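Asks: After the structure tokens below, expect a handful of questions from me.
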Amino acid sequence: MQVVRVYTGQDGESHFEELDLPYEQVANAQRTAMQAATGIQFRRAEVGDFQDFHIAPRRQYVVTLEGQAEIGLGDGTKRIFNPGDVLLADDLTGRGHTTAVHGDHYRVSIAIPLVD
């Protein structure tokens, strides 16, 4: 599982940043602190679906459940997100990023908008 933040840099372009989640020990498990969210939305997109450069509509976690997505940046950098991978979409200004569905199966993801 990867947790990656896409954010807008001072150059107006989107960039990736790998996140290390701050876990705390609770009984026999570890967990992060609770974060406030406004809801949850499921999305399904077909293989070949492509969204040209766009910004995130709001600060949100996007978790891939099925299929595969490729997120692209203006400098040509691309990252693949597989089932279980988490993207923190935080590029609310600037040029944004692209999203493409790859593989041989549609992509199902959930978006969890965060309260700022």
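The values are calculated or read from the model by the stated rules, or taken from the named source; none is laboratory data. Everything numeric here is computed off the predicted structure, so don't read it as measured data. Counting neighbours? That spans all protein chains shown, and the Cβs are built from the backbone with ideal geometry, glycine included.
Asks: In this structure, is R95 touching a Gly at 6+ places or on another chain (Cβ under 6 Å), more than 14 Å from V6 (Cα to Cα), at pLDDT 95 or above and not polar (S, T, N, Q)?
Replies: Numbers: touching a Gly at 6+ places or on another chain (Cβ under 6 Å): yes; more than 14 Å from V6 (Cα to Cα): no; at pLDDT 95 or above: yes; not polar (S, T, N, Q): yes.
Answer is no for this residue.
Asks: For residues that are part of a strand (DSSP E or B) and among the charged types (D, E, K, R), scanning just segment 45-71, find the one that is surrounded by the fewest Cβ atoms within 10 Å (Cβ to Cβ). Full working, then the answer.
Replies: We begin by selecting, within segment 45-71, every residue part of a strand (DSSP E or B); these are 45, 50-54, 60-66, 68-71.
Okay, now just the ones that are also among the charged types (D, E, K, R), so 52, 66, 70.
Values: D52: 10, E66: 13, E70: 15.
Step by step, filter segment 45-71, then rank; the result is D52.
Asks: Please indicate, with yes or no, whether at least one residue in segment 40-62 is among the β-branched types (V, I, T) and free of Cβ contacts under 8 Å to residues at least 24 places away in the same chain.
Replies: Our first condition is that a residue be among the β-branched types (V, I, T); within segment 40-62, this holds for 40, 47, 55, 62.
Adding the requirement that they be free of Cβ contacts under 8 Å to residues at least 24 places away in the same chain leaves none.
Checking segment 40-62: not a single residue is among the β-branched types (V, I, T) and free of Cβ contacts under 8 Å to residues at least 24 places away in the same chain.
Asks: Another question, then. Among the residues of segment 12-35, which ones are touching a residue at least 60 places away in the same chain (Cβ under 8 Å) and part of a loop (DSSP other than H, G, I, E, B)?
Replies: G12, E13, L19, Q35
Asks: Pull up segment 2-43, narrow it to residues that are surrounded by 13 or more Cβ atoms within 10 Å (Cβ to Cβ) and polar (S, T, N, Q), then point me to the one that is nearest to S109 (Cα to Cα).
Replies: Q2
Asks: Go through segment 72-108 and count every residue that is part of a strand (DSSP E or B), under 10 Å from the mean Cα position of the chain (by Cα) and more than 16 Å from A45 (Cα to Cα).
Replies: Qualifying residue count, segment 72-108: 5.
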